[in-house]
There are 2 protein chains.
Amino acid sequence: MTDQYLFVVIMLSVTVFLSIVSVLYALILLKRLNRIKVEHEKINAIASYIKEGAVAFMKRQYKVMFIVVLIVSVILTLIGFIPSLKGAEGIGYRSSITFLVGASFSGLAGFIGMLAAVKANYKTTDQARLHGMSKAIKTSFTGGSILGLTVVGLSLFGLTFLFLVFYTLYGGYKSNVHEQYIALSHAIHIVTGYGLGASLIALFGRVGGGIFTKAADVGADLVGKVESNIPEDDPRNPAVIADNVGDNVGDIAGMGSDLTESYIGTLISALTLGLYAFVSISPEIILNDSSAITSTMFSGIVKTVLFPLMIATIGVVSTIISIMIMRNRTWKDPQKALNKATYLNTLFMIVTTFLISMLLFEGALALKLFLTIVVGLFVGIGIGFIAEYYTSDKYKYVLNIVEQSKTGGATNVISGFSVGMKSTFITVMLLVSGILLAYLFTQDIYGIALAAVGMLSTAGMTISVDAYGPIVDNAGGIAEMSHLDEQVRNITDHLDSVGNTTAAIAKGFCIGSAALTSIGLFFAYEKATNLTASGVDILKPGVVIGVFIGAMLPYLFSSLVINSVGKAAHLMIEEVRLQYKNDPGILKGTSLPDYKKCVDISTQAALKEMIFPALIAILSPIIAGLLLGAQGLGGLLIGGLVSSMMLAIFMANSGGAWDNAKKYIEQGYEGGKGTDLHKATVIGDTVGDPLKDTAGPSMDILIKLMSIVSLMIAPILIQIEPLLKFLFK
Amino acid sequence: MTDQYLFVVIMLSVTVFLSIVSVLYALILLKRLNRIKVEHEKINAIASYIKEGAVAFMKRQYKVMFIVVLIVSVILTLIGFIPSLKGAEGIGYRSSITFLVGASFSGLAGFIGMLAAVKANYKTTDQARLHGMSKAIKTSFTGGSILGLTVVGLSLFGLTFLFLVFYTLYGGYKSNVHEQYIALSHAIHIVTGYGLGASLIALFGRVGGGIFTKAADVGADLVGKVESNIPEDDPRNPAVIADNVGDNVGDIAGMGSDLTESYIGTLISALTLGLYAFVSISPEIILNDSSAITSTMFSGIVKTVLFPLMIATIGVVSTIISIMIMRNRTWKDPQKALNKATYLNTLFMIVTTFLISMLLFEGALALKLFLTIVVGLFVGIGIGFIAEYYTSDKYKYVLNIVEQSKTGGATNVISGFSVGMKSTFITVMLLVSGILLAYLFTQDIYGIALAAVGMLSTAGMTISVDAYGPIVDNAGGIAEMSHLDEQVRNITDHLDSVGNTTAAIAKGFCIGSAALTSIGLFFAYEKATNLTASGVDILKPGVVIGVFIGAMLPYLFSSLVINSVGKAAHLMIEEVRLQYKNDPGILKGTSLPDYKKCVDISTQAALKEMIFPALIAILSPIIAGLLLGAQGLGGLLIGGLVSSMMLAIFMANSGGAWDNAKKYIEQGYEGGKGTDLHKATVIGDTVGDPLKDTAGPSMDILIKLMSIVSLMIAPILIQIEPLLKFLFK
């Protein structure tokens, strides 16, 4: 056992330990949440419907996921037995193991987080009723924190633990530097499977959850508000529970799985690129020539590989500390509470990143790496603010939509369309500046992955804050349905209005992190396929074809999921109409609707409708890889990346702006509810629903999944010739 | 004077001669059109308003264009004096000359075509009144033919003539093969300016025309149909003439300039790539080493350069012949007439292309080049059919939108959105297959440019058929406004319904041709910047940044023009309201509204609002070139290309589908006009207006203009270093 190995073991053990602490703290918080008892009968009744629905959906979803995960892991194992691929590391039963662990951990984190959210929402309502604002803030934030802490804790634990195990199994403890290098290289390639596992779960969580929630939402709105003239969140609407369940499975579990995927994907890309960072000799040569690597070189490589994990670790610590501090104070204003927690977390991150950089690296390099992380942190914050700027009624764009809505629904839709498209400009400029600065500081693509790590190091806190939104949204719904006092509803309304802001910021953060993660994975793919020498030359017809198809896929994918929402909403409407017809007592409030049936419809639709889009996401890089080879697939990835990012930004911000234009009117401005103006803004809001909550967020998943599948098949691609190789002459 | 030079002169003279014939035939048709006298007072009155408005707009537009063209030509001349760029051919006063000729010819073709259209529309109405269907078909088609013949005739004449002149000036007649090669190379680079001229005019025609027409259309609809409850095309609506003028300046002059740009751009890219086709020695070496080229090699190069011009020439001939045949028969069904003309033209093209290929080339190569052209022809036809499939009420998608509209405007918008997105799939697959086959046949990117030439060789006929649509649309409007008999209106309605189909096909053709043209120009840019060796490697951060920004620009551009339409429509609505308020006699029909004022508003808005988008299109490649160099600009181009193509397809087909869903209801299905369902479909139709007629078609222009500007500055880029060169390490 060498000193170098000992160093790796100690560093990684610290990470493993602290990530376990994070999970434990989450469980403690969950226990505290459990301790809060609710005695209000109506609240309890509604809460139990929601919980039942959510758990029913999750169970069914996990069953399907289990089968898919099993199939993929069998395939991964079998591929390892193909004789011609024997040399291809990163394929075979070992990848299958990391894949299974990734999928399980990711699934587990989602389940715990969802359970916490489902509990937090009605307890928030009750705390608002009994003790007022401060306790309500704390309860809702606790619910979000459990998700945040579990996600980063479990993700980081699994990744680091597997990495350590495989590094040791591959011989990282040996005294020969060359053997150590090979162990490191193999261990990194093997944990890519872990990322694939998380990605697959995210696909189900985000796309399935997105279809579920919007089918319920659109269905409930159209038949409730429009046809039957009953208010939102009215217990007489059979689809209302499905709608509330949807908030939990879509906005909480879906968002959580999206950021889990980014978090893990970013770390994997940074690990991979860390292996090649600042090394002038080609990896090919190092692997094949045992004298090519010196122990000084290797010690440098180990540091660049460990650095991202260290940053993630201090991210976990700062999240724990910030949450603890936040919980120990009394808050009156939820916005202030969330802001303080975020700022505290960022500040702590900056200080500790500086220290770790100085400790691990020397002089100018330390400073440069520190600055790169800071760039990532600020891009993350900036991208959220841009989203808020384009979608909040505090700024001109939403007010302009309101103005344009005076000539009807069509001009409402057009102006929101235009706002979303415009918002791509500053968002892309910020992202591009981040890439530029990260590269300027480090002069290596490793820097770009590091910036992504910096951005996602705050994932724990970001998820905590983001999950707050749907929790208080639900809390408000429960207050409404339980017919609580206006005073209580004022509290939940106030909590909810802050949730709208955090939702916009969260969406921006998800998109930005998906973009940076995918770029990181794209460069990691380059290294894994040895494309550095040949490059991915856009001037080759095969690459052009790849870029074209890649840019088209997000449109096809969006079209399919939007269509799915429409179909499912239609089924929901028919079910509600049937229930009203069969039992007129429902509308009178004398008999209870069959909530379960509506949850069932959304569940079935979500699981059925996501099969085809899922196949596109998984199979298209594989088919492109076989036909067009590594280069053509590179083209497909970059085309898909930019196309899905633009669509994601456009859809999220158009949707958000329409939503808030409607809410602005509903606050009583310009005549308020019931006016023609209100009706016009409702159209844009409904159009925006599937865009911002189903298709838009699915774009994040699509591109990350395509990237990680490509990275997984990279070892195969370098061993075979593309079928259409004439396109690459 | 060598035999080789004589061969070139003879071939090009044939082209020059036949293109002059095309223009002369157009003038003969114009004279025949002039000979048709209209005695109906009301028709004449309305026609004179439209003509006046159209001419007024064109005059103002041409004044602005004149200034812009002058500025650009001065800049082009001045750049030639920069000492460090002395060696850069394709820059300087010579380019300035070709640029001026390109702009003038393009402008002239647009003006003649518009004049013809403005005359054809009311004469079609009157012919329908006096003589019935057959004469009406002929009159409207004659109007379109004049535009088609003028566009291809003038474009081809100018390009060929300039090419011949500069080839001679540069010494093409000399006996030394190396000097001949240099003359050929310089002449080709110089005529790129001709393409830039056409592109700049197209920018004004398409974007300005698009803003004009939709500002008038949306404004007229919202204040007429919605507020005042008067029917479409009612003379009491002050904006109605502006709306009719808009059809002419947007759908005819705009569409014509768009295809002119594609036509010229494609030929230029094919000429450029013809210079390098099937030559294994790098152009750098040939230019610098006088012994590198043999006369056999050169004779091969001359053939590949001349071939695209020959194809264009037979395209002109076949258009003339097809139009002649078509005019000499009696037609009852306009659809049959247009189809026959198109098929005849395609058949003639295929036969003569085969002959020319066999004449110019030998054996297998001849066959391969022939097949490549045929691929282009069929892609052009196929892409139109796909557009029709997604936007015609004969197929399931539009009927599905109608079904979804039963739950209101929001679901109408969502389903149309989804249809447009889905249509990108097959469209891209067809385009990609075309690229793949063209490359498979020729094993050279020259083949891809050739396929584009094949597609655009039918431009004369395509434009003739496309211009038919807006002409009969206007004819119908004039019949309506003149309160003609129902019998007459039945004829114009029938003509119009066929026009809807041709419009959809035309849009598809414009998009497809823009895509192929831009790919051709992109590869020509590669050759011009000597990028073949280094490639445009997506793995370089600078290229990734270029791709990101490129993909964003179409969104920014779309947002701006959509917004412009909104603003201008708003001004229009205010003007109409003011006129109604000041003179209540207008609505009673006792006094005439001020049509001129409304035309004025659209004119001003169109010219003012297009400045900023125009600057983006022209300046972004220049700025990107300076900051990111030739490679980064390559990234920007490919990102821009795929992003604008996807948006163009999506917007065109969503818009078309919404339009036809509304028209389907208006035909009386599902309860017809006035129902809630109808209102829901009107929303989608209005949303689609600026998408399909302003933003969507602008995408074609944006990407072609960016490509040709890049090609123009290529000689500069290879002489300077990018400012952010650290991104390309």
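The values are calculated or read from the model by the stated rules, or taken from the named source; none is laboratory data. Every value quoted in this text rests on a predicted model; they were computed, and no experiment measured them. Cβ coordinates were reconstructed from backbone atoms using ideal geometry, including for glycine residues, and neighbour counts include every protein chain displayed. Side chains included, ligands, DNA and RNA excluded: accessible areas come from the protein's heavy atoms. Shrake-Rupley method; radii C 1.70, N 1.55, O 1.52, S 1.80 Å.
Key figures
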| quantity | calculated |
| --- | --- |
| From B:L377, B:L399, B:L369, residue being over 21 Å from the mean Cα position of the chain (by Cα) and either among the hydroxyl-bearing types (S, T, Y) or more than 27 Å from A:S564 (Cα to Cα) (or both) | B:L369 |
| A:V419 being among the β-branched types (V, I, T), in contact with a Leu (Cβ under 7 Å, 6 or more places away or on another chain) and farther than 23 Å from B:A624 by Cα | no |
| Residue satisfying condition, being of a type outside the set (G, A, S) and either within 11 Å of another protein chain (Cβ to nearest Cβ) or touching a strand residue (DSSP E or B) at 6+ places or on another chain (Cβ under 8 Å) (or both), within set B:I622, B:I616, B:I601 | B:I616 |
| Test: residue in the stretch A:205-221 that is of a type in the set (F, W, Y) and under 28 Å from A:A479 (Cβ atoms) | yes |
| Residue in the stretch A:534-542 that is within 29 Å of the chain's Cα centre (by Cα), surrounded by fewer than 24 Cβ atoms within 10 Å (Cβ to Cβ) and in a helix (DSSP H, G or I) present | no |
| Single residue of the stretch B:484-533 satisfying the filter (open to solvent by 10 Å² or more (accessible area, probe 1.4 Å) and not in a helix (DSSP H, G or I)) that is nearest to A:D537 (Cα to Cα) | B:N530 |
| Helices (runs of 4 or more DSSP H) enclosed by the stretch B:216-288 - at least 2 residues per element that are touching a residue at least 24 places away in the same chain (Cβ under 8 Å) and of a type in the set (V, I, T) | B:240-246, B:255-276 |
| Residues located in the stretch B:639-690, provided they are on the phi > 0 side of the Ramachandran plot and among the acidic types (D, E) | B:E670 |
| Count - residues of the stretch A:571-598 that are within 12 Å of chain B (Cβ to nearest Cβ) and closer than 30 Å to B:S654 by Cα | 3 |
| The one condition in (1) in a helix (DSSP H, G or I); (2) at pLDDT below 95; (3) touching a Leu at 6+ places or on another chain (Cβ under 7 Å); (4) closer than 29 Å to B:L556 by Cα that A:D393 fails to fulfil | (1) |
| Number of the condition not met by A:V413 [criteria: (1) surrounded by fewer than 22 Cβ atoms within 10 Å (Cβ to Cβ); (2) assigned to a helix (DSSP H, G or I); (3) not polar (S, T, N, Q)] | (1) |
| Residue in the stretch B:554-570 that is farthest from A:E403 (Cα to Cα), counting only those that are more than 7 Å from every other protein chain (Cβ to nearest Cβ) and open to solvent by less than 10 Å² (accessible area, probe 1.4 Å) | B:P554 |
| A:K394, sole failed condition from (1) basic (K, R); (2) closer than 30 Å to B:K679 by Cβ; (3) away from chain B (no Cβ under 13 Å) | (2) |
| Residues satisfying the stated conditions in the stretch A:433-446, i.e. more than 9 Å from chain B (Cβ to nearest Cβ), surrounded by 24 or more Cβ atoms within 10 Å (Cβ to Cβ) and farther than 14 Å from A:G380 by Cβ | A:Y446 |
| Verdict on A:I545 being part of a helix (DSSP H, G or I), under 19 Å from A:S457 (Cβ atoms), at the interface with chain B (Cβ under 8 Å from one of its Cβ atoms) and open to solvent by less than 10 Å² (accessible area, probe 1.4 Å) | no |
| Residues of the stretch A:261-319 that turn out to be of a type in the set (D, E, K, R), under 22 Å from A:V16 (Cα atoms) and open to solvent by 10 Å² or more (accessible area, probe 1.4 Å), as a count | 1 |
| Conditions (1) away from every other protein chain (no Cβ under 14 Å); (2) in contact with a Gly (Cβ under 6 Å, 6 or more places away or on another chain); (3) hydrophobic (A, V, I, L, M, F, W, C); number of the one not met by A:I701 | (2) |
| Among (1) within 7 Å of chain A (Cβ to nearest Cβ); (2) at pLDDT below 90 - the single one B:S534 does not satisfy | (1) |
| Residue list for the stretch A:91-105, filter: farther than 23 Å from A:N34 by Cα and either touching a Leu at 6+ places or on another chain (Cβ under 7 Å) or open to solvent by less than 20 Å² (accessible area, probe 1.4 Å) (or both) | A:I91, A:G92, A:S95, A:S96, A:T98, A:F99, A:V101, A:G102, A:A103 |
| The stretch B:361-391, residues that are open to solvent by less than 30 Å² (accessible area, probe 1.4 Å) and within 14 Å of chain A (Cβ to nearest Cβ) | B:T372, B:V375, B:V379, B:I383, B:I386, B:Y390 |
| Pairs where the first residue, in the stretch A:481-497, is over 15 Å from A:S134 (Cα atoms) and the second is in a loop (DSSP other than H, G, I, E, B), C-beta under 7 Å, 6+ apart | A:M481/A:D233; A:M481/A:P235; A:S482/A:H40 |
| Those residues of the stretch B:130-167 which are without any contact (Cβ under 8 Å) to a residue 40 or more places away in the chain and within 23 Å of B:V305 (Cβ to Cβ), in sequence order | B:V165 |
| Residue identified as touching a residue at least 24 places away in the same chain (Cβ under 8 Å), open to solvent by 10 Å² or more (accessible area, probe 1.4 Å) and touching a helix residue (DSSP H, G or I) at 6+ places or on another chain (Cβ under 6 Å) among A:V453, A:V465 | A:V465 |
| Criterion violated by B:I471 - all others in (1) away from chain A (no Cβ under 13 Å); (2) among the β-branched types (V, I, T); (3) in contact with a Leu (Cβ under 7 Å, 6 or more places away or on another chain) satisfied | (3) |
| Complete set of residues in the stretch A:188-215 that are of a type in the set (A, V, I, L, M, F, W, C) and open to solvent by less than 10 Å² (accessible area, probe 1.4 Å) | A:I188, A:I190, A:V191, A:A198, A:L200, A:A202, A:L203, A:V207, A:I211, A:F212, A:A215 |
| When residues of the stretch A:107-123 are limited to those that are open to solvent by less than 10 Å² (accessible area, probe 1.4 Å) and in contact with a Phe, Trp or Tyr (Cβ under 9 Å, 6 or more places away or on another chain), the one nearest to A:L156 (Cα to Cα) | A:G107 |
